[in-house]
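The values are calculated or read from the model by the stated rules, or taken from the named source; none is laboratory data. Just so it is clear, the structure is predicted and the values come from calculations on it, not from any experiment. Every residue, glycine as well, gets a Cβ built from its backbone with ideal geometry; the counts of neighbours run over all protein chains shown. Each accessible area value is taken on the protein alone, full model and side chains, heavy atoms only, with ligands, DNA and RNA left out. Shrake-Rupley method; radii C 1.70, N 1.55, O 1.52, S 1.80 Å.
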Amino acid sequence: MTGHTKLLFVLSMCAIPAVLAGQNSLALDPRELLKPLSESWPVYSGDYSGKRFSALTEINQSTVKHLTLAWFARLTGGRGGRGGGPSIVGGVGTTEYAGSTIRGSILQVNGVLYVSAPDNVWAIDARDGREIWHYFWTTRGGTHIGNRGLGMYRDWLYLETPDNYLVSLDAKTGKERWHKEISDFDQQYFSTMAPIVVGNHVLVGTSNDLDAPGFLQSFDPEDGSVQWKFYTVPMKEGDPGLETWKDLDAASHGGGHAWNPGSYDPETNLYIFGTGNPTPAYTSQSRGEGDNLYTCSIVAVNVNTGKMAWYYQTSPHDTHDWDSAQTPVLVDAGFNGRPRKLVMTAGRNGYFFVLDRVTGEHLVTSQFSDTVNWARGLNEKGQPIRNPAKDFHIGGALVSGNNGGATNWPPPSFSPQTGLFYVPLSETYAMYYLTETDPRGAMGLGGKEEAGVGSMGSYLAAIDYKTGKTVWKHRYPGTGGGGASGLLTTAGGLLFGGDISGNLVAYNSANGKILWHSRIGSVSNAPQTYLLDGHQYLLVAAGDTLFSFTLAE
């Protein structure tokens, strides 16, 4: 062996540990999931609490005016990808869906961004937007309405596909480890939720717009075996809540789908999530006149067993498809002079709720939309009392809000600095018409027509959690309703969100004053932030394009 060869050999052996260390550094340390949101973004809401509040302060009220574009990257779905990295093809179907609109959260772990759209996953260098690899799933079909993100366990990723598979990928290579069926494709289920990883549980939910039961499942991260399955509606005689339905047949086809990620409380080991609307959604006579539990509810289940600890229903006997699937926000804060462990949600029905997250005790209900007119007041549990005159009728009923609701799935945020809960708000009116007069009603979302008749505008609303009162509202420019993105707050005193006119905006989180904006097009997911190499980045998507901002040097 020559001296030159020996030198190359020594250098190569020295490089091996560095390469392996680089590969191992991609793995997610499970302890990171238990920390408050700061440098990384390892789970759907950044941390388990759902607050979307980052401790980072480099970008703050004084420096935000210096934000500049660091990089942007346009992502292309399908087999070809956008190039730059290997493309891996999986799937069990023959259909290719090449859409790449980014609606969900993006994971940032050890300098790599993991981005998803229906049937697609990309690994992107968080420093410069370079594609590392792209995974593409060939589908059986289904509803490709969107994908809300990925879950991660050590160096494995988890994706839900619209045709109801949970897919596990190697985070380093994008290669598929396994795929497992979540729900029956022939029953019209479809899957959009970002899996939530808690310990050795991958929590997965699905959706369905026909008359099928909702459920939450826990999968083993190693091999994909099902650990437990929790139905959100009664499925057999003797199940709790059955008395709130006309009969067992109605209950077991009653909806209540868990289609949006929830939040996790490590102290109680409870996963707290929202459930969807009952079915049939509008022609409700087949459901009976009861509350139809556990639809339109906040539900807490034990992560190890899948058993329900408590529930609170935000819309008893819903008749407008105003589900309660919004991600709940967990906060430790003072309430009535003493520390409380709270859970908060702003519902699609236009009402804001605060509960004790240990027991489910009701604490606050308020109306955060000024135009909501479908309820006659609140009952002793703080639940809105439905006004049957505001159901749809042959002659029509004027109702606020429209089917999209006062808010929808884009996530809210909470700042411990201000004590304010921030939520995108849409104030609209619509005429609801009955189109199915058969006394048996209609299936799924059938039986009604809706005609929009006006909008009072779209807003960013800031709510005091202690009283439920709206402290301030910022009206987005434009006349339409809806279309605003989810939100992010930071310890720099900032609130970030996309308005309905294609602007990414930074607000003063205390008063809503605009401090900075950039017109990038319709913001399609909630802004996020992370720290790399000592620099804070602001990340957001507009359609199929990622935009990363940082402070100008």
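Yes or no: the range 363-386 includes at least one residue that is aromatic (Phe, Trp, Tyr), closer than 22 Å to Ser509 by Cα and crowded, with 18+ Cβ neighbours inside 10 Å. Yes: one or more hits. Residue count for the range 156-177 under the criterion of being in contact with a Leu (Cβ under 9 Å, 6 or more places away or on another chain) and either more than 21 Å from Pro86 (Cβ to Cβ) or modelled with pLDDT under 95 (or both): the result is 3. Kindly establish whether His253 is under 24 Å from Ala117 (Cα atoms), of a type outside the set (Gly, Ala, Ser) and either in contact (Cβ under 8 Å) with a residue 60 or more places away in the chain or out of contact with any helix residue (DSSP H, G or I) (no Cβ under 6 Å at 6 or more places or on another chain) (or both). Against the criterion (under 24 Å from Ala117 (Cα atoms), of a type outside the set (Gly, Ala, Ser) and either in contact (Cβ under 8 Å) with a residue 60 or more places away in the chain or out of contact with any helix residue (DSSP H, G or I) (no Cβ under 6 Å at 6 or more places or on another chain) (or both)), His253 does not qualify. Taken together, Gly151, Gly146, Gly85 contain a single residue that is within 19 Å of Ser45 (Cα to Cα) and either modelled with pLDDT under 95 or surrounded by fewer than 17 Cβ atoms within 10 Å (Cβ to Cβ) (or both), which is Gly146. Taken together, the residues in the range 144-187 that are β-branched (Val, Ile, Thr) and either assigned to a strand (DSSP E or B) or under 17 Å from the mean Cα position of the chain (by Cα) (or both) amount to 3. Within the range 125-139, if we keep just the residues that are farther than 16 Å from Ala542 by Cα and in contact (Cβ under 8 Å) with a residue 60 or more places away in the chain, the residue that is surrounded by the fewest Cβ atoms within 10 Å (Cβ to Cβ) turns out to be Arg127.
A count restricted to the range 507-523 and to residues that are open to solvent by 50 Å² or more (accessible area, probe 1.4 Å) and more than 24 Å from Ile463 (Cβ to Cβ) stands at 2. Gly78: of a type outside the set (D, E, K, R), assigned to a loop (DSSP other than H, G, I, E, B), without any contact (Cβ under 8 Å) to a residue 60 or more places away in the chain and open to solvent by less than 20 Å² (accessible area, probe 1.4 Å), yes or no? When the stated conditions are applied, Gly78 passes them. Of the residues Val202, Val197, the single one that is free of Cβ contacts under 8 Å to residues at least 60 places away in the same chain, in a strand (DSSP E or B) and surrounded by 16 or more Cβ atoms within 10 Å (Cβ to Cβ) is Val202. Of the residues making up the range 59-115, those that are over 30 Å from Gln326 (Cβ atoms) and of a type in the set (Phe, Trp, Tyr) number 1.
Residues in the range 396-413 that are under 14 Å from Ala461 (Cα atoms) and either touching a strand residue (DSSP E or B) at 6+ places or on another chain (Cβ under 7 Å) or surrounded by 24 or more Cβ atoms within 10 Å (Cβ to Cβ) (or both): how many?
6
When residues in the range 454-487 are screened for being open to solvent by less than 30 Å² (accessible area, probe 1.4 Å), touching a Ser or Thr at 6+ places or on another chain (Cβ under 6 Å) and among the hydrophobic types (A, V, I, L, M, F, W, C), 4 of them pass. Here Gly382 passes the criteria (1) of a type in the set (Gly, Ala, Ser); (2) on the phi > 0 side of the Ramachandran plot; (3) not in a loop (DSSP other than H, G, I, E, B) except the one numbered (3).
Just to be sure I understand, how many residues within the range 437-477 are among the β-branched types (Val, Ile, Thr) and over 25 Å from Ala346 (Cα atoms)? Explain how you work it out, then say what you get.
Narrowing the range 437-477 to residues among the β-branched types (Val, Ile, Thr): 437, 453, 463, 467, 470-471.
In the following step, the residues that additionally are over 25 Å from Ala346 (Cα atoms) were identified as 437.
Total meeting the criteria: 1.
Within the range 162-181, the set of residues being within 28 Å of Thr279 (Cα to Cα), open to solvent by less than 10 Å² (accessible area, probe 1.4 Å) and free of Cβ contacts under 8 Å to residues at least 60 places away in the same chain comprises Asn164, Leu166. Within the range 483-497, the set of residues being over 14 Å from the mean Cα position of the chain (by Cα) and assigned to a loop (DSSP other than H, G, I, E, B) comprises Gly483, Ala484, Ala491, Gly492, Gly493. How many of the residues making up the range 498-519 are in a loop (DSSP other than H, G, I, E, B) and either under 25 Å from Gly454 (Cα atoms) or in contact with a helix residue (DSSP H, G or I) (Cβ under 9 Å, 6 or more places away or on another chain) (or both)? Looking only at that region, the number is 4.
Considering only residues that are touching a helix residue (DSSP H, G or I) at 6+ places or on another chain (Cβ under 9 Å) and either among the small types (Gly, Ala, Ser) or part of a strand (DSSP E or B) (or both), which ones fall in the range 104-143? Please lay out each step first, then the result.
At the first step, the residues of the range 104-143 found to be touching a helix residue (DSSP H, G or I) at 6+ places or on another chain (Cβ under 9 Å) are 109, 140-142.
Passing the criteria: Val109, Gly141, Gly142.
Of all the numbered requirements in (1) closer than 25 Å to Ala506 by Cα; (2) surrounded by fewer than 19 Cβ atoms within 10 Å (Cβ to Cβ), Pro42 misses one, and that requirement is (2). Please go through the range 520-541 and pick out each residue that is in contact with a Lys or Arg (Cβ under 7 Å, 6 or more places away or on another chain) and closer than 16 Å to Tyr44 by Cβ. Selection gives Ser524, Asn525, Ala526. For the range 305-328, check the following and say yes or no: at least one residue is without any contact (Cβ under 8 Å) to a residue 12 or more places away in the chain and either among the acidic types (Asp, Glu) or surrounded by fewer than 22 Cβ atoms within 10 Å (Cβ to Cβ) (or both). For the range 305-328, residues without any contact (Cβ under 8 Å) to a residue 12 or more places away in the chain and either among the acidic types (Asp, Glu) or surrounded by fewer than 22 Cβ atoms within 10 Å (Cβ to Cβ) (or both): absent.
Taking the conditions exactly as written (touching a residue at least 60 places away in the same chain (Cβ under 8 Å), of a type in the set (A, V, I, L, M), open to solvent by 40 Å² or more (accessible area, probe 1.4 Å) and outside any loop (DSSP other than H, G, I, E, B)), does Leu531 satisfy them or not? Explain how you work it out, then say what you get.
Working: touching a residue at least 60 places away in the same chain (Cβ under 8 Å): yes; of a type in the set (A, V, I, L, M): yes; open to solvent by 40 Å² or more (accessible area, probe 1.4 Å): yes; outside any loop (DSSP other than H, G, I, E, B): yes.
Here the answer is yes, as Leu531 does meet what is asked.
Of all the criteria given as (1) open to solvent by 10 Å² or more (accessible area, probe 1.4 Å); (2) farther than 27 Å from Gly404 by Cβ, the one not satisfied by Gly290 is (2). Residues that are in contact with a Gly (Cβ under 7 Å, 6 or more places away or on another chain), more than 22 Å from Gly288 (Cα to Cα) and not hydroxyl-bearing (Ser, Thr, Tyr) within the range 425-446 comprise Glu427, Ala430, Met431, listed in sequence order.
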